[in-house]
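*Asks:* Handing you a structure now.
The values are calculated or read from the model by the stated rules, or taken from the named source; none is laboratory data. Everything quoted here is computed from the prediction, not taken from an experiment. Because the Cβ atoms are built from the backbone with ideal geometry, glycine has one as well, and the counts that use them run over all protein chains shown. Note: accessible area is taken over every heavy atom of the protein model, side chains too, but ligands, DNA and RNA are not part of it. Shrake-Rupley method; radii C 1.70, N 1.55, O 1.52, S 1.80 Å.
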Amino acid sequence: MHKSQKLRELLQSPDVATAMGSASGLAAILAEQAGFDAVWSSSFEVSAFRGLPDTSLLTMTQYLAASVEVNRACGLPVIADCDTGFGNALNVAHMIHEYEAAGIAGVCIEDKVFPKVNSFSARGQVLEETEEFAHRIAVAKAAQSTPDLVVIARTEALIAGRGVGEALRRADAYASAGADAVLVHSKASTPGEIQEFLGRWSGAVPVVVVPTTYYDWPVDEMRQAGVALTIYANQALRASVSALRRTMTAIREAGCSATVEPEVASVKEIFEIQRLDDWLSLSR
Ligand code: SPV
Ligand code: MG
């Protein structure tokens, strides 16, 4: 089964599917080993791991390369975070051609103006016109060469402070334009506005959420509320920063790495993740 069909099944299943943000092949392998259903190729993570802010600085080609890397490294379907679609409707069509040809299972584009700023920044949250973004979704669907690739339309109405009614109107317009699922993003500290959205949603297409700030909403309750897919978008990035900082500081302070040895993964463990023995068995 192609990975995009697998992603379609996950979105239709009565269980809540879980996706883990992964900015490298290594993280994708660990996400698969941990039992996640899908990988989120996060613009926040991909840019942060390159020491850059998530402000549309990297090009489509760089984001595509990151998605291809995680796609090759694991058996999970990859959902590529394609920001605003890298420009106008023409850029969206080009993006679809490239991501589909690369075997990416799903893409997600958001209804903000290029260049966008990460949703958790108080500055720079400028919404695209609903009709223009709905047109981009229709162009995206028409640009696919097979019906398989999943196109997720993300509304930033709640991020921009425009309320649940506006989020519903936009999600409805994007579903009518052909989106396979809608992602409704929120930066609230409780799931209240997402729950209200779900309670009023027509059910036209599955709903995707990103519980970064309302992190204590358990998956069982999400299922009852009608969530199809939940994305843990940046916990791996944040865990990496904490671990790197702790380890580097400890080595610097102790003047040797003895104190960190019990905590850090062994070289043998890394070899296993890399499947070094399998690779070496290819040589004569
Ligand atoms: C990302 O992971 O890049 C996202 C989700 O777009 S968030 O950072 O929460 O906006
Ligand atoms: Mg992003």
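*Asks:* Just subtract the alpha-carbon distance of residue 240 and residue 256 from 0.36 nm times their residue separation and send over the number in nm, one decimal.
*Replies:* 3.7 nm
*Asks:* How many angstrom lie between the Cα centre of region 28-45 and the Cα centre of region 102-117?
*Replies:* Here the answer is 17 Å between Cα centres.
*Asks:* Give me the extension gain from residue 146 to residue 200: residue separation times 0.36 nm, minus the current Cα-Cα distance, reported in nm with one decimal.
*Replies:* Values: separation 54, 0.36 × 54 = 19.44 nm, distance 3.20 nm.
Result for the pair: 16.2 nm of gain on full extension.
*Asks:* Charges only on Cβ, +1 for Lys and Arg, -1 for Asp and Glu: so what's the dipole of region 21-92 about the Cα centre, in debye to the nearest 20? List each step's numbers first, then the result.
*Replies:* Details: 2 positive and 7 negative charges, 33 e Å.
Rounded to the nearest 20 debye, it is 160 debye.
*Asks:* Just the ratio, please: alpha-carbon radius of gyration of region 122-194 over 2.2 N^0.38 Å, N its number of residues.
*Replies:* Dividing the Cα radius of gyration by 2.2 N^0.38 Å gives 1.16.
*Asks:* Across the Cα atoms of region 213-280, what radius of gyration and what greatest pairwise Cα-Cα distance (Dmax) are found, in Å?
*Replies:* Over region 213-280's Cα set, Rg and Dmax evaluate to 18.4, 53 Å.
*Asks:* Also: Given charges of +1 on the Cβ of Lys and Arg and -1 on the Cβ of Asp and Glu, with all other atoms neutral, how large is the dipole of region 175-284 about its Cα centre, in debye to the nearest 20? Intermediate results must be reported in sequence, preceding the final value.
*Replies:* Details: 10 positive and 13 negative charges, 62 e Å.
In total the dipole reaches around 300 debye.
*Asks:* Let me ask something else. Report the charge-dipole magnitude of the chain in Debye, nearest 20, computed about the Cα centre from +1 at each Lys and Arg Cβ and -1 at each Asp and Glu Cβ. Mind showing how you got there, number by number?
*Replies:* Numbers: 24 positive and 34 negative charges, 77 e Å.
It comes to approximately 380 debye.
*Asks:* How large is ³J(HN,Hα) for each residue in region 87-103, as worked out from phi by the Karplus curve 6.51 cos²θ - 1.76 cosθ + 1.60 (θ = phi - 60°), to whole Hz, x for Gly and Pro?
*Replies:* With the stated coefficients, region 87-103 comes to x, 9, 4, 5, 5, 5, 4, 4, 4, 4, 4, 6, 5, 5, 4, 7, x Hz.
*Asks:* A follow-up question, please. Charges on Cβ only, +1 for Lys and Arg, -1 for Asp and Glu, centred on the Cα centroid of the chain; of 224, 147, 127, which one is farthest towards the dipole's positive end?
*Replies:* My answer, from the dipole projection, is 127.
*Asks:* Continuing with this model, one more query. Can you work out D for region 1-107 in µm² s⁻¹ from Stokes-Einstein, where Rh is the Kirkwood radius over C-alpha pairs, the temperature is 4 °C and the viscosity is 1.567 mPa s?
*Replies:* 93
*Asks:* Here's another thing I want to ask about it. Hey, what's the Kirkwood Rh for region 119-158 if you take every pair of different alpha carbons, in angstrom?
*Replies:* Here the Kirkwood hydrodynamic radius works out to 12.0 Å.
*Asks:* Rounded to whole Hz and in sequence order, give me ³J(HN,Hα) for region 30-46 from the Karplus expression 6.51 cos²θ - 1.76 cosθ + 1.60, θ = phi - 60°, writing x for Gly and Pro.
*Replies:* Here the 3J(HN,Hα) series is 5, 5, 5, 5, 6, x, 6, 8, 7, 10, 9, 8, 7, 5, 5, 5, 4 Hz.
*Asks:* Let me ask another. Can you tell me the accessible area per residue over region 38-97, all protein chains present, probe 1.4 angstrom, in square angstrom?
*Replies:* Averaged over the residues of region 38-97, the accessible area is 35 Å².
*Asks:* While we're looking at this one, here's another question. In percent, what relative contact order does region 123-192 have, based on Cα pairs under 8 Å that are 6 or more apart in sequence?
*Replies:* 38
*Asks:* Oh, and also: Accessible area of the chain with a 1.4 Å probe: how many percent of it is carbon plus sulfur? Let's see the in-between values first.
*Replies:* Numbers: 7420 of 13500 Å².
Carbon plus sulfur share of accessible area: 55 percent.
*Asks:* In whole angstrom, and with the biggest value first, how far do the Cα coordinates of the chain range along each principal axis?
*Replies:* 58, 46, 37
*Asks:* Where a ≥ b ≥ c are the square roots of the eigenvalues of the C-alpha gyration tensor, would you call region 99-139 rounded, which needs a/c under 1.5, or, failing that, prolate if a/b is larger than b/c, or oblate?
*Replies:* oblate
*Asks:* Mean separation of Cα pairs under 8 Å and 6+ residues apart, divided by the residue count of region 202-284: what relative contact order is that in percent?
*Replies:* Once divided by the residue count of region 202-284, the mean separation gives 21 percent.
*Asks:* Checking the table 3/112; 6/116; 112/187; 3/187 against a 21 Å threshold on Cα-Cα, which pairs fail?
*Replies:* Working: 3/112 28 Å; 6/116 30 Å; 112/187 15 Å; 3/187 30 Å.
Violating the 21 Å limit, Cα to Cα: 3/112; 6/116; 3/187.
*Asks:* In the neighborhood of residue 268, defined by Cβ-to-Cβ distances under 14 Å, what is the net charge if each Lys or Arg adds +1 and each Asp or Glu adds -1? It would help to have the intermediate numbers written out before the result.
*Replies:* Numbers: positive: 275; negative: 261, 269, 272, 277.
Charge balance in the 14 Å sphere: -3.
*Asks:* OK, next. So how exposed is residue 116, as accessible area in Å² (1.4 Å probe, rounded to 10)?
*Replies:* The accessible area comes out at roughly 10 Å².
*Asks:* Hey, what's the Kirkwood Rh for region 158-284 if you take every pair of different alpha carbons, in angstrom?
*Replies:* 18.4
*Asks:* Give the long-range amide H neighbours of residue 112: residues separated by 5 or more places, or on another chain, with amide H under 5 Å away, using H modelled in the peptide plane at 1.01 Å from N.
*Replies:* Amide H to amide H, under 5 Å and 5 or more residues apart or across chains, residue 112 pairs with 128.
*Asks:* On to the next question. Using all C-alpha to C-alpha distances in region 1-59, build P(r) with 5 Å bins and read off the rounded percent in each one.
*Replies:* Reading the bins upward from 0: 4, 18, 21, 20, 17, 12, 7, 1.
*Asks:* Per residue of the chain, what 222 nm ellipticity follows from adding -39500 (n - 2.57) for every DSSP H run with n ≥ 4, rounded to the nearest 500?
*Replies:* Details: 12 runs with 129 residues, N = 284.
Helices in the chain give a 222 nm mean residue ellipticity of -13500 deg cm²/dmol.
*Asks:* Relative contact order of the chain: what whole-number percent is it, with Cα pairs under 8 angstrom and at least 6 residues apart?
*Replies:* Details: 505 pairs, mean separation 52.2, N = 284.
The value is 18 percent.
*Asks:* I'd like the Karplus ³J(HN,Hα) series for region 254-259: coefficients 6.51, -1.76, 1.60, θ = phi - 60°, whole numbers in Hz, and an x wherever there's a Gly or Pro.
*Replies:* The phi angles translate into 7, x, 7, 9, 4, 5 Hz.
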